[in-house]
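Working notes, beginning with the structure itself.
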Ligand code: PEP
């Protein structure tokens, strides 16, 4: 069984404007220098407008930068979208696909598998997000829903993609709410994600992350679960010290 290196990724969402990105990167680099590089791999998903300056500031560090979304088409009439080549040109090494905040806007279905494929074909890493709503959990539909999302999102994946691919299980009811899944809930769902992803990829190699109100205070318990290989972090990633504290708990 291979050892899966933990991956801690910060999703800035629609936060961090202009010079704030430079200040963030300077502080992150200062802390990495002062306290050492954590064993976990680090990634950041800044807004599109900050990608170039963040990837430039962090060039030469171990931190990779990704887009919060990516379109499956190479180019064309897709107002407001961003292509793989645009992300790569801005210094990105990856892309997030299917975050629940994008799914809520109608970005669902087979296009997500095509986005994963496009990112990987373009040399980027791809992180697919999935997760159920509170209503679905309360109705006992979590397993069917998440299974469907994983199968749909991995429809175009190939076994040799596994090193550049990860899945973030993020229950919608835990995102930005301060309500974190219990370690048991998170473990059960991540084990399910691994089992289903194992239909497509080597289940021992695939990295499955948990996301939803992860903070330095709850990270160690979540990241200590056997099927949780890292975290996708929203709010707490806006402070470099908190992101690193989470990474050091992994
Ligand atoms: C997210 O944005 O994917 C997320 C998990 O946010 P938060 O950590 O703020 O819940």
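Annotations for the structure displayed:
- Leading residue by the ranking (modelled with the lowest pLDDT) among those in the stretch 94-110 that are surrounded by fewer than 17 Cβ atoms within 10 Å (Cβ to Cβ) and either more than 16 Å from the ligand (Cβ to nearest atom) or part of a strand (DSSP E or B) (or both): 109
- Every test in (1) more than 16 Å from the ligand (Cβ to nearest atom); (2) in contact with a strand residue (DSSP E or B) (Cβ under 6 Å, 6 or more places away or on another chain) is passed by residue 66 save one, and that test is (1).
- Among helices (runs of 4 or more DSSP H) entirely within the stretch 122-236, having at least 3 residues that are away from the ligand (no atom under 16 Å from the Cβ) and farther than 19 Å from residue 95 by Cβ singles out 134-138, 142-153, 183-197.
- Candidates 167, 157, 175: the one that is closer than 20 Å to residue 110 by Cβ, in contact (Cβ under 8 Å) with a residue 40 or more places away in the chain and within 14 Å of the chain's Cα centre (by Cα) is 167.
- Residues being exposed (fewer than 15 other Cβ atoms within 10 Å of the Cβ) and either in contact with a strand residue (DSSP E or B) (Cβ under 9 Å, 6 or more places away or on another chain) or within 22 Å of residue 215 (Cβ to Cβ) (or both) - total across the stretch 1-11: 1
- Meets criteria (in a loop (DSSP other than H, G, I, E, B) and either in contact with a helix residue (DSSP H, G or I) (Cβ under 7 Å, 6 or more places away or on another chain) or over 29 Å from residue 194 (Cβ atoms) (or both)) for residue 3: no
The values are calculated or read from the model by the stated rules, or taken from the named source; none is laboratory data. Note that the coordinates shown come from a computational prediction; the quantities given were computed from them, not determined experimentally. For neighbour counting, all protein chains shown are included, and Cβ atoms are generated from backbone atoms with ideal geometry for every residue, glycine included.
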